[in-house]
Amino acid sequence: MRRLKARDEHALQELYDALAPWVLGLAYRILHDEDAAEEVVGDVFVKVWRHVHKHDPSRGPLVPWILSIARNRALDELRRRQRWWRKADRWGRAQGAGAGEEVANPGPHEAAVPGWPLHREVHAALATLPDDLRRVVTLAYFEGLSHSQIARRLQQPLGTVKTRLRAAHHKLADQLAHLKDWLE
């Protein structure tokens, strides 16, 4: 952190080497588009470089801050695309284009990161969550849905969704506490 704030480009390179696979995996999981996910990775590290002085260590470690930037950037891109598709759909209907034709999405897969030390532990921790908690975490962090969208999809009250996310966060934090040194 000190080196980044001192504008040490080697520190940025080290950070990129360590975190880019995670940022890419998160962005791909939300966008389902490799090119767009790679663009998010670049945007995230540019933002980190430009705004590292705004990170407050008392509010949390650097890694989760970077991953939240990545998630937010990927969600922004997803929303932009959704707006574009809605506009294209309205225009197509207005032009009398054939409704109902859908473009197939690529099959879902995650960005593979062989040997990444935390990947297995995070997924193992997720697997220990009860189904109701794991489902809301998956929808929020891997599919990029907002709390309201999750509530609608699961047909549950918004308060229930928020409570489950909070409970899942606490359980995951406890299970992954041994990784805290790596995250700071």
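Just so you know, all these numbers are worked out from the coordinates, no wet-lab data involved. Quantities reported herein were computed from a predicted structural model and do not represent experimental measurements. Don't worry about glycine lacking a Cβ; one is built from the backbone with ideal geometry, like all the others, and counts go over all protein chains shown.
Across segment 1-93, C-alpha contacts under 8 Å between residues 6 or more apart give a mean separation that, scaled by the residue count, equals a relative contact order of 32 percent. Annotation: average projected area of segment 1-93 is 6.6 square nanometres, based on the convex hull of Cα atoms across all directions. Treating r as the C-beta distance of residue 142 and residue 8 and R0 as 35 Å, the FRET efficiency rounds to 0.60. Near residue 68: Cβ cut-off under 12 Å, other residues only, Lys/Arg at +1 and Asp/Glu at -1. The net charge is +4.
Just add up the charged neighbours of residue 167: K/R +1, D/E -1, any other residue whose Cβ is under 15 Å from the Cβ of residue 167. The answer is +3.
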